[in-house]
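Notes follow the structure.
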Amino acid sequence: MALLDALWLPVMGIYTLALVFFLCVGLNLLYMTALAWRRPPRHSAPGPMTDFPQVTIQLPIFNELYVVERLIDASCGLDWPRDRLEIQVLDDSTDETQFLVARLVRRWAEKGFNITHVRRSDRLGYKAGALEAGLHRARGEFIAVFDADFVPPPHFLQEAMPYFCYERVGFVQARWGHLNQSYSLLTELQSVVIDAHFFVDQVARNRGGYFMNFNGTAGVWRRAAIADAGGWEHDTLAEDLDLSYRAQLRGWEAVYLPDVVVYAELPVTVAAFRSQQRRWAAGSFACAIKLLPKVLAAPVSLGVKVQAALHLMGYGSHLCLLAMFLLQPFLITYSQRFSPQTSPLFASPFWLLLATLPALAPGVYLAYAQWRANGQLFQRVPYILGASVLGAGIMLTVVGALARVLIGKHLAFERTPKYGIARQSDSWDGKRYALGVDPLLAFELLLACFSFGSVAYAAALKSWGSLFYTGYFLLGLLFIVGMSFIQLSVPALPRVLASSPSANRDS
């Protein structure tokens, strides 16, 4: 008991700080949702184009055997004058993808397309290095970028390019759609989170006059804006976020087009999802270290600075989640020892606000995005609830990435494997590029056992509020750990959990 009394202040201090952070995040989610709902676009739709500038399409490739043909064919199918279009396949592949690309490039070149196969002697700078190398030999005034798993629609340039009539527009970003949303429960949950980013975050930041990010693909840059911002740099794992912030600090504007959709393939394995989230988290945090001091010192409004800080530090929420998770047994004990009658803290309206708003705001945020994305809400409720706990399942992956960046340990670029999955009948089993067992899986299994103990402890003490929070963490961990083991042992089984294709307009 003496130890518990000694830990009371530090435990409650850490927990309260985490709750205050989530209160700020929750309030901002509600604000961003309202902004996305009510605020009109800052740039009115231009008229039809009468002049067609030179555009270079850059396709960064590294070992993409299953999707590269789909990408190149779609890029050559873009509706743009052929003499004003250049296509660069920036191929850093080390497997037979390079030979497949060579054949595809030769086939389309024989049809009269200006398409080149660009190879480098090394992978310096990874994707950023490839984009920068291609830029040196590009002819276009404007640079469009598509990652390997994306399929640009024919009308993409016709809808995106007119916005460059505004002289200070540096880049135009389209929305991501999902080729394989209904493939499995994992892809359904990912689609909910990504839809929220594109229907709320990007819309609100752009229309509210805040800094928004280029998403690395499905967008077009004004070449002059890239040069003015300092070009592509590879000192972070998020070259897209880095460049877009540097450009906006230089006064360039962004345009986001939620009605222009470029479909892409969602990761179908937990291992691939982990690698993607690890790269995104590490890159975002590295950009925060690099760019946040510049943003805070820039002559921009306080609102822009606050939103930039929340944006760049967004993955810090997983650190707070982990802290709250580990402190749950202490909180359960203290909630029994200090009832609302004996402790004014537990009875205060402020504590109630701290405890409830962070749990409700993400639901509103995700629900609005699903209503916009699918034209339906009640049918999507199970996936909204599932996506809410997905963050708890990968918190250790994200925190590990943040820790490595913080201690200055170099993180190599981790590609996300793509298997050409577009239908439920498609399979990744037996294909190349499968990732091995993640070492964090063992630690997540231990955390799941710890979480189960917390749930049992809360149930035994009839602490129903604590049972809700401990159950939240347990569900997230069980999903990630369980799906990892299932996919390692029976790769085809997760498709049994797939949703109905009829419920998915993007399938």
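Rounded to the nearest Hz, the phi-derived 3J(HN,Hα) couplings of segment 117-130 under the Karplus curve 6.51 cos²θ - 1.76 cosθ + 1.60 (θ = phi - 60°) are 9, 9, 10, 10, 7, 8, 9, 4, x, 6, 4, 4, x, 5, where x marks glycine and proline. Across the accessible surface of segment 210-320, with the other protein chains kept in place and a 1.4 Å probe, carbon and sulfur atoms take up 61 percent.
Solvent-accessible surface (1.4 Å probe) assigned to CYS165 amounts to roughly 80 Å².
Give me the Kirkwood hydrodynamic radius of segment 1-61, using the inverse of the mean 1/r over all pairs of distinct Cα atoms, in Å to one decimal.
Details: mean 1/r = 0.0567 Å⁻¹.
When all Cα pairs of segment 1-61 are included, the Kirkwood radius is 17.6 Å.
Evaluating 6.51 cos²θ - 1.76 cosθ + 1.60 at θ = phi - 60° for every residue in segment 218-231, the Karplus couplings come out as 6, x, 10, 10, 7, 4, 5, 5, 4, 5, 5, 7, x, x Hz, glycine and proline recorded as x. Backbone amide hydrogens, once placed in the peptide plane, bring GLY170 within less than 5 Å of GLU253, ALA254, excluding anything fewer than 5 places away on its chain.
Relative to the first principal axis of the alpha-carbon coordinates of the chain, what is the inclination of helix 349-374, with its axis defined by its Cα atoms, in degrees from 0 to 90 and to the nearest 10? Tilt of helix 349-374: around 30 degrees. Compared with the dominant Cα axis of the chain, that is its longest principal axis, helix 97-110 is turned about 40°. Using only Cα coordinates, the Kirkwood hydrodynamic radius of segment 381-463 works out to 16.5 Å.
Could you state the accessible area per residue of the chain in Å², with a 1.4 Å probe and every protein chain left in place? Let's see the in-between values first.
Numbers: 21110 Å² over 507 residues.
Here the residues of the chain average 42 Å² of exposed surface.
Summarising the amide proton neighbourhood of GLN58: residues at separation of 5 or more, or on other chains, whose placed amide H is nearer than 5 Å comprise GLN88, ALA144, VAL145, PHE146. When the pairs LYS409/LYS431; LYS294/LYS418; LYS127/LYS409 are compared against a 26 Å limit on Cα-Cα distance, LYS409/LYS431; LYS294/LYS418 fall above it.
Give me the accessible area of TYR66, 1.4 Å probe, in Å² rounded to the nearest 10. In the full protein context, TYR66 sits at about 70 Å².
Here are a few candidate values for Cα extents along the principal axes in Å: (1) 66, 49, 45; (2) 88, 48, 41; (3) 80, 54, 45. Which one was actually calculated from the structure I just gave you? Entry (3).
Against the chain, whose longest principal axis is taken from its Cα atoms, helix 381-393 shows a tilt of about 80°.
Taking a temperature of 10 °C and a viscosity of 1.306 mPa s, what whole-number D in µm²/s does Stokes-Einstein yield for segment 45-159 with Rh from Kirkwood over alpha carbon pairs?
On the way: Rh = 14.4 Å.
In µm²/s, the coefficient rounds to 110.
Only the Cβ atoms of Lys and Arg (+1) and of Asp and Glu (-1) were treated as charged; on that basis the dipole of the chain about its Cα centre amounts to roughly 540 debye. Backbone geometry of segment 258-267 corresponds, through the Karplus equation with coefficients 6.51, -1.76 and 1.60 at θ = phi - 60°, to 3J(HN,Hα) couplings of x, 8, 9, 10, 10, 7, 9, 9, 7, x Hz, x marking Gly and Pro. Rg and Dmax over the alpha-carbon atoms of segment 93-228 stand at 17.2, 47 Å.
Once the gyration tensor of the Cα atoms in segment 242-301 is diagonalised, the equivalent ellipsoid follows with semi-axes of 28, 19, 7 Å, ordered largest first. Considered as an equivalent ellipsoid built on the Cα gyration tensor, segment 251-342 has semi-axes of 35, 24, 14 Å, the largest given first. For the chain, relative contact order (Cα pairs under 8 Å, six or more residues apart, normalised by length) works out to 20 percent. Given a 1.4 Å probe and the protein chains as shown, ARG175 ends up with an accessible area of around 10 Å².
Annotation: amide H-H contacts under 5 Å for VAL260 (H modelled 1.01 Å from N, sequence separation of 5 or more, or interchain): ARG175.
The values are calculated or read from the model by the stated rules, or taken from the named source; none is laboratory data. Quick caveat: nothing in here was measured; it's all calculated off a predicted structure. All Cβ positions, even for glycine, are placed from backbone atoms using ideal geometry, and neighbour counts span all protein chains on display. With ligands, DNA and RNA removed, areas are computed over all heavy atoms of the protein, side chains included. Shrake-Rupley method; radii C 1.70, N 1.55, O 1.52, S 1.80 Å.
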